[in-house]
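Visitor: Got a structure here, written out as structure tokens. Questions coming.
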Amino acid sequence: DNERKSTVQFRSLSKDTTSALVARCRKNGVTISNALSAATALTSTDFIDNGERQAGKERNYKVLQSLDMRRFGAGLDKSETVACMAGSHDLMLGPLPDRGGATLRNASP
């Protein structure tokens, strides 16, 4: 079955987990958006092909990241128009090995 399938999964982080994530990102000079994009891609590697690891198999992952463009257009819009001020770009991540998220989790302290 080569049919492409999409899934949407929603998750929430507690206030304490969010604070810890922000602190860790700042310490390492990484944005929250990039950390979450990486986490999404690595988690996806654990579920591709129903979670069946294919030895030596690596894949590229595309993450659609939304962008808040309001600060770039604030000087242009004098409230005379209706503007969305949002955008997105595709992040291509990889190649990542199948079950790469589990491997990273197991190696983390």
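Each value in this text was obtained by applying a stated rule to the coordinates, not by laboratory testing. All values derive from a computational prediction rather than experimental measurement. FYI the Cβ positions are ideal-geometry reconstructions off the backbone, even for glycines, and counts take in every protein chain you see.
Visitor: Treating the beta-carbon of each Lys and Arg as +1 and of each Asp and Glu as -1, no other charges, what is the dipole magnitude of the chain about its Cα centre, to the nearest 20 debye?
Guide: Value, rounded to 20: 440 debye.
Visitor: Moving on to the next point. Between E52 and F72, 0.36 nm times their residue separation minus their Cα-Cα distance comes to what?
Guide: Computed gain between E52 and F72 is 2.8 nm.
Visitor: Hey, another quick one. For the chain, what is the mean residue ellipticity at 222 nm derived from helices alone (per DSSP H run of n ≥ 4: -39500 (n - 2.57); sum divided by total residues; nearest 500 deg cm²/dmol)? Don't jump to the answer; show the numbers that get you there.
Guide: Numbers: 4 runs with 40 residues, N = 109.
Theoretical 222 nm ellipticity from helices: -11000 deg cm²/dmol.
Visitor: So, one more: For the residue pair Q65 and M92, what label-to-label distance in nm results when each label sits 7 Å from Cα along the Cα-to-beta-carbon direction?
Guide: 1.5
Visitor: Now for a separate question. In a Gaussian network model over the chain where Cα atoms closer than 10 Å are linked, find which of T40, T17, T31 has the largest mean-square fluctuation.
Guide: Answer for the Gaussian network model of the chain: T17.
Visitor: When only alpha-carbon atoms count, how far does the chain stretch along each of its three principal axes, as whole angstroms with the largest first?
Guide: The principal-axis extents, from largest down, are 57, 38, 23 Å.
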